[in-house]
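The values are calculated or read from the model by the stated rules, or taken from the named source; none is laboratory data. The structure presented is a predicted model; accordingly, all values stated were derived computationally and were not measured. Cβ placement follows ideal geometry from the backbone for every residue including glycine, while neighbour counts extend to all protein chains displayed.
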């Protein structure tokens, strides 16, 4: 049985691999081995594989792996049963359909202010006691796959990571993503930046992806991302770009992850990246040049990769 969540000893909470990844790169947690099985009264050790890797691909996706053998007799993971975590009550209208029909992740466009807050566990508690305390705190918004919802996610990086994970485990067709209150199939969220007319694209943000050149701005105050394939408008081609300012990077909680990738890419002989951006391209005119620009005001809405992390069919 795969684990959607594990108990983090450092965070004193049940968290999914994507949040563990965010917390590691923000410095809130430090050790990929400090996790425990989420089963009832279980102290089996869990590791978050690929937690420390700052690249993402079909082979490198954060996920939990149980490596301890001391499962409790009541442990649902050991007995291959649905997890019995004690969530707070929720209204029936909020319940999701079961796994054999649909599983919905919720993509929120703003993290709560407490997302990166560090919890301080009681002084030297037993592992069982610490887990029991955490269960009592747990909110209903982190539901598990058995009841039709995994958890809330807050970044394009996490959407891409989930897509990759679901593709590998064969559950992609059952997975949907809720954005601004609307459930849509995961596949429909992605659109390649290709030679398409700007006026034919959706009038709302989705996740656009494709290869792009990455350069340091002449002002030395940020980076320009220029997609290799251009959008079109009125029969002409539009240079298709996104800008990331240094001030935006400095204000980002996990700036180490973003800055590491950007610096490596710009220093490479061929400074290109495979980019995902949740936005809507807008036509801008600067002098005698016309652009299609993806505005970025939150770095959670963009993901920059050294290689295409998706299957070959998406590598365009």
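Per-residue answers, yes or no, for (1) touching a strand residue (DSSP E or B) at 6+ places or on another chain (Cβ under 6 Å); (2) more than 23 Å from residue 304 (Cα to Cα); (3) at pLDDT below 90; (4) not assigned by TED's automatic domain parsing to the domain that holds residue 56:
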| residue | (1), (2), (3), (4) |
| --- | --- |
| 123 | no, yes, yes, no |
| 129 | no, yes, yes, no |
| 139 | no, yes, yes, no |
| 163 | no, no, no, no |
| 168 | no, no, yes, no |
| 174 | yes, yes, yes, no |
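Of the candidates 235, 222, 287, the single residue that is farther than 30 Å from residue 168 by Cα and touching a helix residue (DSSP H, G or I) at 6+ places or on another chain (Cβ under 7 Å) is 222.
The condition of being modelled with pLDDT of 95 or more and crowded, with 17+ Cβ neighbours inside 10 Å holds for residue 212. Quick check on my filter: what residues within the stretch 298-315 are touching a helix residue (DSSP H, G or I) at 6+ places or on another chain (Cβ under 8 Å) and surrounded by fewer than 16 Cβ atoms within 10 Å (Cβ to Cβ)? Listed by number, the list holds a single entry, 311.
Evaluation of residue 251 against the conditions (1) within 19 Å of residue 154 (Cα to Cα); (2) touching a strand residue (DSSP E or B) at 6+ places or on another chain (Cβ under 8 Å) shows that the sole unmet condition is (2). Checking each residue in the stretch 177-194 for being under 19 Å from residue 314 (Cβ atoms) and either modelled with pLDDT of 90 or more or surrounded by 14 or more Cβ atoms within 10 Å (Cβ to Cβ) (or both) picks out 177, 184, 185, 186, 188, 189, 190, 191, 192, 193, 194. Considering the stretch 58-82, the residues that are under 17 Å from residue 310 (Cα atoms) and modelled with pLDDT of 80 or more include one that is surrounded by the fewest Cβ atoms within 10 Å (Cβ to Cβ), namely 60.
Matching residues to (1) under 30 Å from residue 233 (Cβ atoms); (2) outside the structural domain of residue 113 (by TED's automatic domain parsing); (3) without any contact (Cβ under 8 Å) to a residue 24 or more places away in the chain; (4) surrounded by 17 or more Cβ atoms within 10 Å (Cβ to Cβ):
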| residue | (1), (2), (3), (4) |
| --- | --- |
| 254 | no, yes, no, yes |
| 259 | no, yes, yes, no |
| 263 | no, yes, yes, no |
| 274 | yes, yes, no, yes |
| 278 | yes, yes, no, yes |
| 281 | yes, yes, no, yes |
| 289 | yes, yes, no, no |
| 292 | yes, yes, no, yes |
| 296 | yes, yes, no, yes |
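Whether a residue is within 24 Å of residue 162 (Cα to Cα) and at pLDDT below 95 was assessed, and residue 315 passes this test.
The condition of being modelled with pLDDT of 95 or more and more than 23 Å from residue 197 (Cα to Cα) holds for only one of 257, 248, 310, that being 248.
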